[in-house]
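For reference, the structure discussed in these notes is given below.
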Amino acid sequence: MTYEFEYLISTLSYAAVGRPVSKPSEAIDWRKVYSLAVNHSVIPMFAYAFGFSDIDFISEDAAASMKKQAQDIMLSAYIKKINILNMLDKLNKNAAKAIVLKGFALSSCYFVPDARISGDTDIYVGTEAEQKTLDFFTEQGFTVEKRNKYQKESKCYNAECGLIEVHAAMYDDLTKNIWFEHLTEKELIKEPYIRVETEGKYFYTLGYTDNMIYIALHLIRHFISSGMSLRQMLDVTLFYAKNKEKIDLARFWDTMTKLRYKTLINTVFSASIRYFRLPEEWMELLTEKVSADAEMMLLDDLEEGGYLGNDDAANRIDGKSMYSKAKGDEKKSYFGHKLFLLRRFFVFALPALFPTAKELKLKYSYARNHPFLLPAAWIHRLIFGGFSAIRNRKIKTEIVMNEKSMSEAGIKRMEMFKKLNMVDKD
């Protein structure tokens, strides 16, 4: 982990728990720190820390610039939040009860709630209320992109509310059936929903234990796929520490232990407390001892991958695939799991190899203007789009059956999964 990344993490303590920004203890590349803040999607918290902290080691002009940037971003996010709350109010009254996942449902855990900003809004409605919810958003003028049968959420967008993802299910089939061992919505959602009053409006969210399990598993899902985020680390740690008296700790840790993510979550807690400069007494919340090497391994992976691993996503597919195989092999035969992966291959590859006529017309003007050329457009796409996308790994085929065929990044991540006790060691 570079010193610039370590310092960036420490500055987020102000938005998280109100701890002032400290002066760097060694020479630092400020441009790199700012670039990392942008890359890891924590600019609101970073800019707020420097704009509103009483510090004397940056110029007044720099502090004023940071303050303005934080205010502009937070004001824009606040306006969008009000628009979303108004829309959810209409939805709850006229179509379906929407359960807010993550996002501003977690912001109250922060010292500066409005600095915890998400790019989109996730709501859970279940399969029964899904179509009614999508019809509602269509009637409200949203652009609606309905999910296919293999996806868990549809996307609804308008300028005032931004992107709202409507979840019919909590997880896709790979996540639910392999990584989370057939964890069902019924097992996850056991508590009454909580009604939260805010800004003269209200929204519903998950119960405390349900929410803790959900946000922990959400972080884990991203971590396995390609990488977690700094904000996710803060979310789970702050929510756990602030609500430990309301969370059924036995149920939470039993779930993490059963799924083999206990060590990972303890490492996230420990690294967050140490590097975000959270209260030291929170270390007592850990249920097992965590080594400094494990913390550094996690943070190195985060810095190298960028926000949610997006900087290195293509190279990290192998780690995800090999983990899925190892996890699946614990519950299935080799050939049973191979068939599962082949089915996943066709789920992702077939739409690329055989796009619809509508998609071809959008991509190729000659097919749009001369429909009789659609067969030629399909061959064009097949040769120069579909096969090349699979070969270049832009399409996640997820077919990796042994570690010898893995990329270097995939091997490194698989070793990390083993060290975190997520799968058996060799």
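The values are calculated or read from the model by the stated rules, or taken from the named source; none is laboratory data. Worth saying up front: this structure is predicted, and the values here are computed from it rather than measured. No Cβ is skipped: glycine too gets one built from the backbone with ideal geometry, and neighbour counts run over all protein chains shown.
Taking the criterion of being surrounded by fewer than 18 Cβ atoms within 10 Å (Cβ to Cβ) and hydrophobic (A, V, I, L, M, F, W, C), the residues of the range 145-176 that qualify are Ala159, Leu163. For the range 1-79, the helices (runs of 4 or more DSSP H) that sit wholly inside it and include 2 or more residues that are among the hydroxyl-bearing types (Ser, Thr, Tyr) and either assigned by TED's automatic domain parsing to the domain that holds Ser229 or out of contact with any Gly (no Cβ under 7 Å at 6 or more places or on another chain) (or both) are 3-11, 13-17, 30-39.
Residue pairs whose Cβ atoms lie under 8 Å apart, separated by 6 or more positions or on different chains, with the first residue in the range 133-147 and acidic (Asp, Glu) and the second in a loop (DSSP other than H, G, I, E, B), are Asp135/Ala95.
Is it the case, given these coordinates, that Ser65 is polar (S, T, N, Q), loosely packed, with under 14 Cβ neighbours inside 10 Å and free of Cβ contacts under 8 Å to residues at least 40 places away in the same chain?
no
Residues of the range 193-202 that are part of a loop (DSSP other than H, G, I, E, B) and touching a residue at least 40 places away in the same chain (Cβ under 8 Å): Tyr193, Glu199. Just one of the listed residues (Glu165, Glu199) is farther than 22 Å from Arg413 by Cα, under 15 Å from the mean Cα position of the chain (by Cα) and not polar (S, T, N, Q), and it is Glu165. Considering each residue of the range 104-125 in turn, none proves to be surrounded by fewer than 13 Cβ atoms within 10 Å (Cβ to Cβ) and in a strand (DSSP E or B).
Restricting Gly126, Gly119 to residues that are in contact (Cβ under 8 Å) with a residue 40 or more places away in the chain, in the same structural domain as Glu191 (by TED's automatic domain parsing) and at positive phi narrows the list to Gly126.
All of Lys81, Lys90, Lys97 fail the test of being at pLDDT below 95 and buried (at least 20 other Cβ atoms within 10 Å of the Cβ), apart from Lys81.
Pairs meeting the criteria (first residue in the range 213-229 and farther than 20 Å from Lys246 by Cβ and touching a residue at least 12 places away in the same chain (Cβ under 8 Å), second residue acidic (Asp, Glu) and assigned to a helix (DSSP H, G or I), beta carbons under 7 Å, at least 6 apart or on different chains) are Gly227/Asp301.
Any residue that is surrounded by fewer than 12 Cβ atoms within 10 Å (Cβ to Cβ) and modelled with pLDDT of 80 or more - is there at least one of those in the range 335-346? Checked against the condition, which is being surrounded by fewer than 12 Cβ atoms within 10 Å (Cβ to Cβ) and modelled with pLDDT of 80 or more, the range 335-346 yields no hits at all. Here is the figure for the range 46-59: residues that are modelled with pLDDT of 90 or more and surrounded by fewer than 16 Cβ atoms within 10 Å (Cβ to Cβ) total 0. Is it fair to say Val21 is within 25 Å of Pro113 (Cβ to Cβ) and either at pLDDT 95 or above or out of contact with any helix residue (DSSP H, G or I) (no Cβ under 8 Å at 6 or more places or on another chain) (or both)? Answer is no for this residue.
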